[in-house]
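Step one of this worksheet: look at the structure below.
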Amino acid sequence: MMKQIPMLDLTEQYANLKEEILTSLDQVMSKAHFILGENVKKLERDVAEYSNASHGIGVANGSDALNIALMACGVGPGDEVIVPSFTFFATAGAVARTGATPVFVDINPKTFNICPESIEKAITPKTKAIIPVHLYGQMADMDAIKAIADQHNLYIIEDAAQAIGAEYKGKKVGELGTLACYSFFPTKNLGAYGDAGMIITSDDELAEKCRVIRVHGSKPKYYHHILGYNSRLDEMQAAILNVKFPHLNDWSKQRKERAKTYTTLLKEALGDQVVTPFEEEFNYHVYHQYTIRVERRDELQAFLKENGVSTMVYYPQPLHLQPVFSYLGYKEGDLPETEKAAKEAISLPMFPELKEEQQQYVVEKIKEFYSAK
């Protein structure tokens, strides 16, 4: 009998928290304080403390977090910012929106994260910042990146949209960069019921700049010295996130358990036919995604869909080959590891409530595909 295995199922999570969430939303509506109220302030304090940072600045979404962080660092026309090409569009889109130039570099094929050696080669006198993306829930090699940034006096803006709770050598996201940017999009490990995001930093001056930028560059109100954004974390989304936040560590542990189960099942069923995720021994991977490498990826995805298994491909076209960035002059072959990953990577269903029998079914279908071919 064909099962239906979703990529993500939030219904059980909501059922477990429903009463508490509805109560928190009713309190917001009863007090009628909807913008930058007590729920936002609480979430900012808690997430900053969780990240071992001094400041949390709630914003409308993860993309705006990147935009505002770059702007606070003074990035603009004439500057270059080094980014991985294997990431979601917002990472480079934020750079381009400042008027600066995104400089795309290759990845470490084992972790999918930005390659420090590629960063070093890409630095020019125009380089102002590096954006390491902690992809799929595992932090990039921050010691090497920080050494490069310190040597060249560069900002580090961590794109941690997929990595809240991740650790590198005992350090949390936000401890090793100048600023870090979270997304609370509904699919994230800590997800709102709409768009939401946050900037984390221990730099007092940059924190204040971010706070001013998110309210149209206004300080005091109606007095504008810079051109900012309208990008505030919604009070109702903050209330929902405050209910969810205490569960984050448990959810991360459950994701790690699901990842371990997948790896065991896949190794037993397919051996080396599938490349399972590589986790650095000094990292704490929170498995926002469980991403494998396979041959004939697109055929496998179609077969799994026919058999009720949802999967996602992050990301089928690298950013350096996207039409919108054609003006930068990149061509196929420039970033070989990125281009190879874009053809091989596929993410399997992953969420804390995923059942082992569901995982067994997913692996059985993958084995069936490769056995038949």
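Take residue 119 and decide whether it is over 17 Å from the mean Cα position of the chain (by Cα), within 20 Å of residue 329 (Cα to Cα) and buried (at least 24 other Cβ atoms within 10 Å of the Cβ).
On the way: over 17 Å from the mean Cα position of the chain (by Cα): yes; within 20 Å of residue 329 (Cα to Cα): yes; buried (at least 24 other Cβ atoms within 10 Å of the Cβ): yes.
Yes; evaluated as a whole, the condition is true for this residue.
Between residues in segment 173-196 that are free of Cβ contacts under 8 Å to residues at least 60 places away in the same chain and farther than 28 Å from residue 25 by Cβ and residues that are buried (at least 24 other Cβ atoms within 10 Å of the Cβ) and of a type in the set (Gly, Ala, Ser), which pairs lie under 9 Å by C-beta distance while being six or more apart or on different chains?
Final answer for the pair search is 177/160.
Among the residues of segment 19-45, count how many are in contact with a helix residue (DSSP H, G or I) (Cβ under 9 Å, 6 or more places away or on another chain), more than 16 Å from residue 202 (Cβ to Cβ) and of a type outside the set (A, V, I, L, M, F, W, C).
Residues of segment 19-45 that are in contact with a helix residue (DSSP H, G or I) (Cβ under 9 Å, 6 or more places away or on another chain), as a first pass: 20-21, 23-25, 27-29, 31, 33-44.
Those still in the list that are more than 16 Å from residue 202 (Cβ to Cβ) too: 20-21, 23-25, 27-29, 31, 33-43.
Subsequent filtering for residues that are of a type outside the set (A, V, I, L, M, F, W, C) retains 20, 23-24, 27, 31, 33, 37-39, 41-42.
Counting residues in segment 19-45 that are in contact with a helix residue (DSSP H, G or I) (Cβ under 9 Å, 6 or more places away or on another chain), more than 16 Å from residue 202 (Cβ to Cβ) and of a type outside the set (A, V, I, L, M, F, W, C) gives 11.
If you scan segment 1-23, which residues turn out to be within 18 Å of residue 236 (Cα to Cα) and free of Cβ contacts under 8 Å to residues at least 24 places away in the same chain?
Listed by number, the residues that qualify are 14, 18, 19, 22, 23.
Conditions first: (1) more than 26 Å from the chain's Cα centre (by Cα); (2) not hydrophobic (A, V, I, L, M, F, W, C); (3) not assigned by TED's automatic domain parsing to the domain that holds residue 75. Residue 222 passes all but one, so which condition is the exception?
Going through (1) more than 26 Å from the chain's Cα centre (by Cα); (2) not hydrophobic (A, V, I, L, M, F, W, C); (3) not assigned by TED's automatic domain parsing to the domain that holds residue 75 one by one, residue 222 breaks only (3).
Taking segment 93-125 as the region of interest, how many residues are touching a Pro at 6+ places or on another chain (Cβ under 6 Å) and within 16 Å of residue 162 (Cα to Cα)?
The qualifying residues number 1.
Residues in segment 121-140 that are within 18 Å of residue 86 (Cβ to Cβ) and free of Cβ contacts under 8 Å to residues at least 40 places away in the same chain: how many?
First, pick out the residues of segment 121-140 that are within 18 Å of residue 86 (Cβ to Cβ): 121-122, 130-140.
Narrowing further to those that are free of Cβ contacts under 8 Å to residues at least 40 places away in the same chain: 121, 134, 140.
Adding up the residues that qualify gives 3.
Scan segment 82-139 residue by residue and report those that are part of a helix (DSSP H, G or I) and of a type in the set (Ser, Thr, Tyr). Walk me through it before giving the result.
At the first step, the residues of segment 82-139 found to be part of a helix (DSSP H, G or I) are 89-97, 116-122, 135-137.
Residues satisfying the conditions are 91, 118, 136.
Please find, within segment 264-302, the residue that is surrounded by the fewest Cβ atoms within 10 Å (Cβ to Cβ) out of those that are touching a helix residue (DSSP H, G or I) at 6+ places or on another chain (Cβ under 9 Å) and among the basic types (Lys, Arg).
The selected residue is 296.
Among 83, 105, which is the only one that is more than 17 Å from the chain's Cα centre (by Cα) and in contact (Cβ under 8 Å) with a residue 60 or more places away in the chain? Please lay out each step first, then the result.
Values: 83 fails: more than 17 Å from the chain's Cα centre (by Cα).
None of the others qualify; the one that does is 105.
Enumerate the pairs (first residue in segment 217-245 and at positive phi; second residue anywhere and surrounded by 18 or more Cβ atoms within 10 Å (Cβ to Cβ) and not in a helix (DSSP H, G or I)) with beta-carbon separation below 6 Å, excluding pairs fewer than 6 apart on the same chain, so at least 6 apart or on different chains.
Within 6 Å, the pairs are 217/228.
Does residue 149 fit the bill of being over 12 Å from the mean Cα position of the chain (by Cα), assigned to a helix (DSSP H, G or I) and buried (at least 21 other Cβ atoms within 10 Å of the Cβ)?
Criteria met by residue 149.
If I go through segment 260-277 residue by residue, how many of them are of a type outside the set (Gly, Ala, Ser), part of a helix (DSSP H, G or I) and without any contact (Cβ under 8 Å) to a residue 24 or more places away in the chain? Quick ask: steps written out before the conclusion?
Of segment 260-277, the ones of a type outside the set (Gly, Ala, Ser) are 260-268, 270, 272-277.
Of the ones still in play, those that are also part of a helix (DSSP H, G or I) are 260-268, 270, 272-273.
Within this subset, residues satisfying the condition of being without any contact (Cβ under 8 Å) to a residue 24 or more places away in the chain are 260, 263-264, 267-268, 272.
The qualifying residues number 6.
The values are calculated or read from the model by the stated rules, or taken from the named source; none is laboratory data. Note that the coordinates shown come from a computational prediction; the quantities given were computed from them, not determined experimentally. Counting neighbours? That spans all protein chains shown, and the Cβs are built from the backbone with ideal geometry, glycine included.
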